[in-house]
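Derivation of every value follows stated rules applied to the coordinates shown; laboratory data play no part. Keep in mind that what you see is a predicted model, and the values were worked out from it rather than measured. With ideal geometry, Cβ positions are generated from the backbone for all residues, glycine too; neighbour counts draw on all protein chains shown.
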Amino acid sequence: MLIFKIFRAPEWAELRANGNTAGAPIDVSDGYVHFSTAEQAAETAGKHFAGEQDLFLLGLETDTLGDALKWEPSRGGALFPHLYRHLDLKDVAWAQPLPLVDGTHQFPAGLGI
């Protein structure tokens, strides 16, 4: 199953430069890396990244993350994927810009977002 992480450009650059990261400031604060499913990604973008430009959408396959990936309730009781270890660059299946057009983030077609 594909899950998604939204990073600001400096966060994505840090991951590429260092090979791993504890995540964005909210991830570091919470003690795990936050992800979203395809059904949750647009709401996550709207709630936590409203109006922000220079974002990147990362796609990761859950079966490569092992036991460190936990599904836990969050907004409205929905289960969200949380990674309880550093995110490694090798975990990322792909990454691409997440442009902001007329105030709305434009997700790639074909992902079910």
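Taking 7 Å steps out from each Cα toward its Cβ at Lys70 and Ala38 produces label points 2.7 nm apart. Annotation for segment 1-61 versus segment 66-113: alpha-carbon center distance of 6 Å.
For Arg85, the residues whose amide H sits under 5 Å from its own are Val33, ignoring neighbours fewer than 5 places away on the same chain, with H placed 1.01 Å from N.
Evaluating 6.51 cos²θ - 1.76 cosθ + 1.60 at θ = phi - 60° for every residue in segment 96-113, the Karplus couplings come out as 8, x, 10, x, 9, 10, 6, x, 10, 6, 9, 7, x, 5, x, 9, x, 9 Hz, glycine and proline recorded as x.
Listed values for segment 56-68 are Karplus-derived 3J(HN,Hα) couplings in whole Hz (6.51 cos²θ - 1.76 cosθ + 1.60, θ = phi - 60°), namely 10, 9, 9, x, 9, 8, 4, 5, 9, 9, x, 6, 6, and x replaces Gly and Pro. With contacts taken as Cα pairs under 8 Å and at least 6 residues apart, segment 2-100 reaches a relative contact order of 39 percent. Using only side-chain charges placed at the Cβ, +1 for Lys and Arg and -1 for Asp and Glu, the dipole size of the chain relative to its Cα centre rounds to 40 debye. Report summary: the helix-based calculation at 222 nm, which adds -39500 (n - 2.57) for every DSSP H run with n ≥ 4 and divides by the residues of the chain, gives -6500 deg cm²/dmol. Per-residue 3J(HN,Hα) values for segment 31-38, derived from phi via the Karplus relation 6.51 cos²θ - 1.76 cosθ + 1.60 with θ = phi - 60°, read x, 7, 8, 7, 10, 10, 7, 4 Hz in sequence order (x marks Gly and Pro). The local environment of Tyr32, defined by Cβ-Cβ distances under 10 Å, has a net charge of -1 under the rule Lys, Arg +1 and Asp, Glu -1.
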